[in-house]
1. Can you name the number of the only condition in (1) touching a Gly at 6+ places or on another chain (Cβ under 9 Å); (2) within 17 Å of Thr263 (Cβ to Cβ); (3) among the hydrophobic types (A, V, I, L, M, F, W, C) that Ala504 fails?
2. Kindly provide the set of residues from the stretch 186-197 that are within 30 Å of the chain's Cα centre (by Cα) and open to solvent by 10 Å² or more (accessible area, probe 1.4 Å), ordered by number.
3. Cβ-Cβ distance below 6 Å, separation of 6 or more or different chains: which pairs start in the stretch 192-212 with a residue that is farther than 16 Å from Ala339 by Cα and end on one that is open to solvent by less than 30 Å² (accessible area, probe 1.4 Å) and not in a loop (DSSP other than H, G, I, E, B)?
4. Would you mind telling me which numbered condition in (1) crowded, with 24+ Cβ neighbours inside 10 Å; (2) of a type in the set (D, E, K, R); (3) free of Cβ contacts under 8 Å to residues at least 40 places away in the same chain Glu221 fails?
5. With the condition being open to solvent by 10 Å² or more (accessible area, probe 1.4 Å) and either over 30 Å from Lys304 (Cβ atoms) or at pLDDT below 95 (or both), I'd like the strands (runs of 3 or more DSSP E) fully within the stretch 329-388 carrying at least 1 qualifying residues.
6. What number goes with the only condition from (1) open to solvent by 10 Å² or more (accessible area, probe 1.4 Å); (2) touching a Ser or Thr at 6+ places or on another chain (Cβ under 9 Å); (3) in contact (Cβ under 8 Å) with a residue 60 or more places away in the chain; (4) of a type outside the set (Val, Ile, Thr) that Asp290 does not pass?
7. For the stretch 484-505, state whether one or more residues are under 25 Å from Gly387 (Cα atoms), modelled with pLDDT under 90 and either assigned to a loop (DSSP other than H, G, I, E, B) or of a type in the set (Ser, Thr, Tyr) (or both).
Amino acid sequence: MKKKVLSLLMAAIMVASLAGCGNDSNSGGGSNNGGGSNNGGGTNNESGSNNGGAENGGSDAAEIVKPEKITIMVDGTVFTQENGRDAFEAKLEELLGIEIEIIQPDHTGYYDVVGQTIAGGDWPDVVILSSNYLSSYGSEGVLWDMSAAWEASDLKARQEAYNGASVVESMYIDGALYGMPATHGNGCVTYVKQAWLDAAGITTLPTNFDEYYDMLLKVKEAKGVDYVLAAAGFLNAEAPYINYLSEFYQDAWPAFYQKADGTWVDGFEEQAMKDAMARLAQGVADGIIDPETNTYGTGDVRNKYYDDSLGVFTYWAGTWASNLKNNLNNNGIDSELVALPPLKEIVPPLASGPAYIDRVSPAWCITTQCANPEGVFKYFIEAMQDGGDVQFLWTYGVEGVHWSTAEETLYADTEKPKVYAAGEFHMLDNLESPGSQYTKAHIDPMLALTALAGDPRETTVAPEALAAQQLFNANSVGAFVVPSTAEMNQYNGDLMTEKQSLVARVALGQMTVEEAYKEYEDNGYAEMSKLIVDSLNAQ
């Protein structure tokens, strides 16, 4: 086991260096990286399972002993020392009745420290991991399979009632659930400028691709523009790959996925992907899609949207709906936007009907060195989404530190003071970045997987952001985690680079779909794909 874990560490560090941490939060508090006690920071009680076996995950609630102490390793998505972590930790301990030891490396170096800790053999009870690490650490025996515990839990029922269970279900890897997400990962919806619809006399929103494409042609003609939409690349290198051009990809998937019968395939080789490439080429040829999409970053597309060169933009739900609106206003452009539900043809893997793709969220994982994994699941993992006081803490933080209902004026000496009446919920000034208010704690209230009693988000979140996020949450399916194999690690990077190149060249009219797939086979990429598929199906 030790040799396998060490080899995993090297692979994980390589992934981290390529993919980055993928989070915009402030860095953590730079805590030391000691791993807790010699048994991985396990609890003081001896009634739990010694190996965290999955067979114990569904124990009767009466038999699950509450831990006395839990060690957790977290990144900067949990309040750092500078942002009131001590107060947060104290309140969490009060609510749970459990001693909590927080190990919080600097956010930017978080996964380096995680790898070092796992390799050192002194593991915490709980660790936050991105999707890059779930399958690898899970297959190496580092993570406890919490599937039986979740299936038997009240948490599952609460998530099902709030359209959150599908996010968890999508994180199963070969029948195992190695981590619990606290939120949706979020994804993109398509924003159409109402002024452009008005100019074209369009009063009914499209529900299928033909209607959508007709809308694009009509607004192009009415506005007299060169192009109607653009994206940051024709195909993204990382999952969910197609989220910026979902109307054109529809049911196509350019990477590996598991079919209903359990077999793994490469969606790039299916007819749906060839059809998607043809649609992209037609969109460019008709002056619908800006051909510079091939070189644009997201900032380039946003700027064109802000100066009214483009009228349709597929971008992140939630807060970005407000950002787009505010920036259009700042430029003197009509800022009324319409967020479209997914077209009927947009049916990605795992979806039973039209859906946008919810990217994989970071997950809370229990290590197999935890002495009482069932207790940690019940009293820590479940409690985080209890719909009550604990979830409120994870969502908004500590009263008087991160939020308040007191009568007060924030930023009284500035040009834009904020006045709050007694009893009015509001976030407080950021301790680490004075001059800006907190917006959330660890759980984004717009991305929650369970309902929160007394949730004040209606007063803290802009209406357009909440509306866009609710539309996405109600019309999305969770992305999935592909198991790690040696062949995947060896070939998939080069394979995805070639797929991106072929898609772009077809879209730009530099080659036909048929020519693209002939090159794909002639240059050995079909064989690379087969090696990966075979390795996935052999597991």
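The values are calculated or read from the model by the stated rules, or taken from the named source; none is laboratory data. None of the values given here were measured: they were computed from a predicted structure. All Cβ positions, glycine included, derive from the backbone under ideal geometry; neighbour counts span all protein chains shown. The protein model used for the area step is the full one, side chains on, heavy atoms only, and it has no ligands, DNA or RNA in it. Shrake-Rupley method; radii C 1.70, N 1.55, O 1.52, S 1.80 Å.
1. (2)
2. Asn186, Gln194
3. Close Cβ pairs (under 6 Å, with a partner that is open to solvent by less than 30 Å² (accessible area, probe 1.4 Å) and not in a loop (DSSP other than H, G, I, E, B)) amount to Ala200/Val219.
4. (1)
5. 356-358
6. Asp290 satisfies all of (1) open to solvent by 10 Å² or more (accessible area, probe 1.4 Å); (2) touching a Ser or Thr at 6+ places or on another chain (Cβ under 9 Å); (3) in contact (Cβ under 8 Å) with a residue 60 or more places away in the chain; (4) of a type outside the set (Val, Ile, Thr) except (1).
7. Within the stretch 484-505 (the criterion being under 25 Å from Gly387 (Cα atoms), modelled with pLDDT under 90 and either assigned to a loop (DSSP other than H, G, I, E, B) or of a type in the set (Ser, Thr, Tyr) (or both)), the answer is no, since none of the residues qualifies.
Residues checked against (1) charged (D, E, K, R); (2) at positive phi; (3) crowded, with 20+ Cβ neighbours inside 10 Å:
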position	(1), (2), (3)
Lys416	yes, no, no
Ala422	no, no, no
Glu432	yes, no, no
Asp455	yes, no, no
Val461	no, no, yes
Ser476	no, no, yes
